[in-house]
Structure formats: structure tokens, C-alpha cells
Amino acid sequence: MATISTYNFTIQPQDVDFSLRASASSLISYMLNVAGTDAHLKGFGVDALQGQSFTWVLSRLAVEIYHQPKQYEDIDIDTWVNDFNRLSSTRNFRMRSGDGVAAIGFSQWCMLNMETRQVVDMNLLKDVYERAMVDEPSPISAPARLREIEPTTTYSRPVRYSDIDFNRHVNTLRYIDIIFDNVPLELIEKNNGMRLDINFIAEARYGDTLTIGSLAEDNVWKFDISAEGKRLCSARLEFK
């Protein structure tokens, strides 16, 4: 049984918004980068999988942000894997700063065949995963299963070069930026914490046209992002 891994960072100027605090997408970026680094060091990173034409894709994510660390503030991110099955793996995050716990997260990943774009049986990694497992519960409830919405506002935009990642589909952080770009600025500026749940359903590729639909209900914003009539991603953002 493994132990929790901790990684240290300093919030850089490119990671803050107009308030000089780290943006939500930057905080999530730190978490996802830690996931990649930790998997690499434990022998099941993307570099190890791609030799077999496999890769990692994020299927669901839940993040609660309590406060946003300031520019040049030091943060520590704890990460650990505590569950896996044939279809998915759970990786957890706890971000700490001088003011205490800044954010916590729960992510679910699946392994994808890069040629067929089909999910691969996770039991292929059973041995390495059993050595990486940590006997520590998740710090946050699992991502909600989100239903399709009837949006009140929609708009469309194409997928461009800057949207895609090494898997040649739209990057997770681009979806998160799209979500926050559609929320009133005053909610982001005055928030006292937030929770984001996001479900990834299908891939968007270069050249696709994204349709972004949103629905606001008090302090909760819901989103569906689709392409060519296929739902790609659903999200729920709640401000405290």
C-alpha cells in the first residue's frame, strides 16, 4: 500500500485573474498536472501507456474551491489513488495554502485505445495499481451524474488549434474556461467558494463546431456543450 504524494508549487502571474488570485481553471490545472506527474512517477503515466497505443482520458471531475490563493503564494497539493475497477480509476486532490485547505477534488479516469477510441479494461494495470493504492477516503463526494438541460442561452464556436491537447481532442481546461466565460463577472469576483461538477461524455475534435448551452438557477449555473448534435460535456457550477 502506497502513501499520499505531495507536490509543491508557487502561484505564477499567468495563473491569476483580475483579482490577482489564482483562477478556478488554474487551480484545476495544477491538480491535473499533479495527476500526470504522479502517474508518471508510479509507472502508469501517459508516456508508459502510449507505447501500447493507450492513453488516459478524464471522465468525471468534482472540485470544491474554498479560497483562491494569491499570486506568488506557495501551495501544496496532496494526491492519491484509492479506488479502481475494470472501467475507471479514482484520483483525489487536496490543495493547501497558508490559509488552510484551498480546494479539494475527486477525478475519475478511464483508459482509451488511441486507435479505436474505445475504453480499455483497467485490469491490464492491476499489478501497478495495487502498488499505488492509498488507504485514504476521498475528501469530497463523487462527481454528480448530470442530466441534459433545456438551455436558455446558446452560442457556437469552432474548435481551433489552441483548444486541443495531446489526445487531439478539446482540452479539459478549455471546457472549464468556456464555463467560467459564461458566468457573470460579479459572481466570480464576490464568490465565497464554489463547487464544479463536470461529466465528459464524448470527444470534440479539431474542426468541430461547439454549441454551448447554459441555464441559470439562482446561484447555480448548468451547462451542456455539444457538437453536431452530440452531447460532449455537462457541467454544474454552484457558488456558495
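The values are calculated or read from the model by the stated rules, or taken from the named source; none is laboratory data. Values in this document were obtained by computation on a predicted structure and should not be read as measured data. Virtual Cβ from ideal backbone geometry, glycine too; neighbours counted across all protein chains shown. The area values use the complete protein model at the heavy-atom level, side chains included, leaving out ligands, DNA and RNA. Shrake-Rupley method; radii C 1.70, N 1.55, O 1.52, S 1.80 Å.
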* What are the residues in segment 209-229 that are surrounded by fewer than 20 Cβ atoms within 10 Å (Cβ to Cβ) and of a type in the set (Asp, Glu), if any? -> Glu217, Asp218, Glu228
* Do we have any residue at all in segment 35-55 that's at pLDDT 95 or above, closer than 19 Å to Pro137 by Cβ and open to solvent by 20 Å² or more (accessible area, probe 1.4 Å)? -> no
* So, in segment 178-204, of the ones that are surrounded by fewer than 15 Cβ atoms within 10 Å (Cβ to Cβ) and not in a loop (DSSP other than H, G, I, E, B), which residue ends up modelled with the highest pLDDT? -> Asp181
* With the checklist (1) within 20 Å of the chain's Cα centre (by Cα); (2) among the small types (Gly, Ala, Ser); (3) outside any strand (DSSP E or B) in hand, flag the one item Gly213 doesn't pass. => (3)
* Answer yes or no as to whether Thr37 is among the hydroxyl-bearing types (Ser, Thr, Tyr) and in contact (Cβ under 8 Å) with a residue 40 or more places away in the chain. => no
* Given the conditions (1) among the charged types (D, E, K, R); (2) open to solvent by less than 20 Å² (accessible area, probe 1.4 Å); (3) more than 20 Å from the chain's Cα centre (by Cα), and given that Glu115 satisfies all but one, which numbered condition is not satisfied? -> (2)
* Asked: Leu27 versus (1) modelled with pLDDT under 95; (2) buried (at least 21 other Cβ atoms within 10 Å of the Cβ): which is the lone unmet condition?
  -> (1)
* **Candidate set: segment 138-163, residues that are under 19 Å from the mean Cα position of the chain (by Cα) and open to solvent by 50 Å² or more (accessible area, probe 1.4 Å); chosen: the one modelled with the lowest pLDDT** => Ser162
* To do: Give just the number: which of (1) closer than 25 Å to Val16 by Cα; (2) crowded, with 17+ Cβ neighbours inside 10 Å; (3) in contact with a Lys or Arg (Cβ under 7 Å, 6 or more places away or on another chain) does Met122 not satisfy?
  => (1)
* To do: For segment 80-127, enumerate the residues that are closer than 19 Å to Asn33 by Cβ and aromatic (Phe, Trp, Tyr).
  => Trp80, Phe93, Phe106, Trp109
* Structure fact -> Within segment 76-101, the count of residues that are touching a helix residue (DSSP H, G or I) at 6+ places or on another chain (Cβ under 7 Å) and touching a residue at least 40 places away in the same chain (Cβ under 8 Å) comes to 8
* **Filter result for Glu130 (free of Cβ contacts under 8 Å to residues at least 12 places away in the same chain and over 20 Å from the mean Cα position of the chain (by Cα))** => yes
* Asked: With (1) open to solvent by 50 Å² or more (accessible area, probe 1.4 Å); (2) out of contact with any strand residue (DSSP E or B) (no Cβ under 7 Å at 6 or more places or on another chain); (3) more than 16 Å from Phe166 (Cα to Cα) as the list, and Leu20 as the residue in question, which single condition is left unmet?
  -> (2)
* Structure fact -> When segment 93-112 is checked residue by residue, the ones that are open to solvent by 40 Å² or more (accessible area, probe 1.4 Å) and out of contact with any Lys or Arg (no Cβ under 7 Å at 6 or more places or on another chain) are Arg94, Arg96, Gly98, Asp99
* Checking Ser141 against (1) touching a strand residue (DSSP E or B) at 6+ places or on another chain (Cβ under 6 Å); (2) in a loop (DSSP other than H, G, I, E, B); (3) among the small types (Gly, Ala, Ser), which test does it fail? -> (1)
